[in-house]
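Notes for the one structure printed next.
Nothing in this text is a laboratory measurement; each read-out follows from the coordinates by a stated rule. Note that this is a predicted model, so its numbers are computed, not measured. Methodologically, a virtual Cβ is constructed for each residue, glycine included, from the backbone with ideal geometry; neighbour enumeration extends over all protein chains shown.
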Amino acid sequence: MARKIRNKFRDGLVDYYKTNRDITREYEKNYEEEKKQEKKPWSYSEKAMIAVTAIAAAGLLIRFLLF
């Protein structure tokens, strides 16, 4: 009986693909569960980031309109 030849690279690649597929499914399931939960109000840092972004956008708008 002849010994079956195994492609170790292919086997490793398939294992890598299957493992990542399972991890991705688990991540998506957890993401959906978190998304379904009640939304939390914005934190102080998120509000500060929005304020900084708005001020920067207003500054750029004023700069290009006036100069």
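Placing pseudo-labels 7 Å out from each Cα toward the beta carbon at residue 40 and residue 13 gives an inter-label distance of 4.2 nm.
Compute the acute angle (0 to 90°) between the alpha-carbon long axis of helix 8-36 and the principal axis of greatest extent of the alpha-carbon atoms of the chain; round to the nearest 10°. Around 40 degrees separate the two axes. The long axis of helix 44-66 is offset from the longest Cα principal axis of the chain by roughly 60 degrees. In the chain, the calculated helix contribution to ellipticity at 222 nm averages -27500 deg cm²/dmol per residue, counting -39,500 (n - 2.57) for every DSSP H run with n ≥ 4.
How large is log10 I(q)/I(0) at q = 0.14, 0.18, 0.26, 0.28 Å⁻¹ when the Debye formula is applied to the Cα atoms of the chain, each weighted equally and without solvent? So the normalised log intensities work out to -0.75, -0.85, -1.05, -1.09.
The lysine pair tally for the chain, using Cα distances under 28 Å and a gap of 8 or more places or different chains, is 10. The rule of thumb for compact globular proteins, 2.2 N^0.38 Å, goes into the C-alpha radius of gyration of region 28-67 1.91 times. Computed about the Cα centre, the dipole magnitude for the chain is approximately 500 debye when only Lys and Arg (+1) and Asp and Glu (-1) carry charge, each at its Cβ.
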